[in-house]
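The values are calculated or read from the model by the stated rules, or taken from the named source; none is laboratory data. All of these numbers come straight from a predicted model, not from anything done at the bench. Methodologically, a virtual Cβ is constructed for each residue, glycine included, from the backbone with ideal geometry; neighbour enumeration extends over all protein chains shown. Just the protein is used for accessible areas: all its heavy atoms, side chains included, with ligands, DNA and RNA removed. Shrake-Rupley method; radii C 1.70, N 1.55, O 1.52, S 1.80 Å.
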Amino acid sequence: KQPISIRGPFFQGWLMRCIDHTSALSFILIVGSFSMRSSRDYTQHYVFLGVNHAGQHKCFHSFPDTVSVTVSDHKDSYLDITWKADNLGFFHINSTSCTGAFTFADNSTIQFDSSSRIPWKPSEKIGFVGPEGWLGLTSLLPCHYFVHSVGSPTRYQLTSPSFGDKNGTSFMHIEGNYGTFFPEGWTWAQGIALNNDA
């Protein structure tokens with residue numbers, strides 16, 4: 001486990017949303033790590049996978065043991081993150097791509113490899129790399145929000161007793177949040193057009 005840069009509470013979370021229009025399949029993967037107020041280390045971790053195939057839904061959850069998890073210290077770099085849990089899986093994000101693989105309790109597995117990162121703004125500059133704009137350079141926001149890609153081409157493979165074996169090419173929205181505060185409740189929606197033009 002990796003020490004984090006400030007005393008808690010602190011969290012770092014990532015969301016990967018994949019949409020395959022051809023197969024009427026989408027999945028959302030959320031990976032989060034949390035530090036309690038009295039700790040400089042992460043004290044809890046959570047992984048969620050939600051799958052929708054042609055109107056059929058299935059959710060998978062995992063709370064991996066803290067000692068099995070390693071999280072790279074992001075050091076304010078949004079573009080080099082590795083999260084790994086023994087016997088569960090990993091994801092890695094860099095300046096061009098995002099890859100990952102997870103296996104859940106019923107032996108359902110998800111693997112993905114996205115490439116050709118599409119940033120929030122094509123002309124992004126360090127410090128202005130997402131929806132926050134100049135606010136991202138200040139300490140005014142208790143929760144920071146970063147969009148890694150608005151629709152990277154992605155190859156995926158899903159194996160599950162509920163869905164069988166599914167694989168294909170899709171588009172993936174990738175975002176991250178970190179900070180000392182997260183709302184208790186929220187509503188948001190995401191969508192990617194057929195040709196990723198919206």
Answer label for Cα Rg over 2.2 N^0.38 Å (calculated), chosen among (1) 1.01; (2) 1.31; (3) 1.14: (1)
Once each part is reduced to its C-alpha centroid, what is the distance from region 55-72 to region 158-172 in angstrom? 18
Mind ranking Asp197, Asp73 by accessible surface for me, highest first, 1.4 Å probe? Asp197, Asp73
Could you look at the chain and say what percent of its accessible area is carbon and sulfur, using a 1.4 Å probe and all protein chains? 56
Inter-label distance, nm, simple model (7 Å from Cα along the C-beta direction), His57/Asn177: 1.9
Percent relative contact order for the chain, counting Cα pairs under 8 Å at least six residues apart, stands at 19
Between Ser95 and Asp73, what length in nm is gained on full extension when 0.36 nm per residue of separation is reduced by their alpha carbon distance? 6.3 nm
Can you tell me the length gained on complete extension of the stretch Gln190 to Asn87, counting 0.36 nm per residue apart and subtracting the Cα distance? 34.1 nm
Extension length gain for Ala105 and Asp197 (0.36 nm per residue less Cα distance), in nm, is 29.5 nm
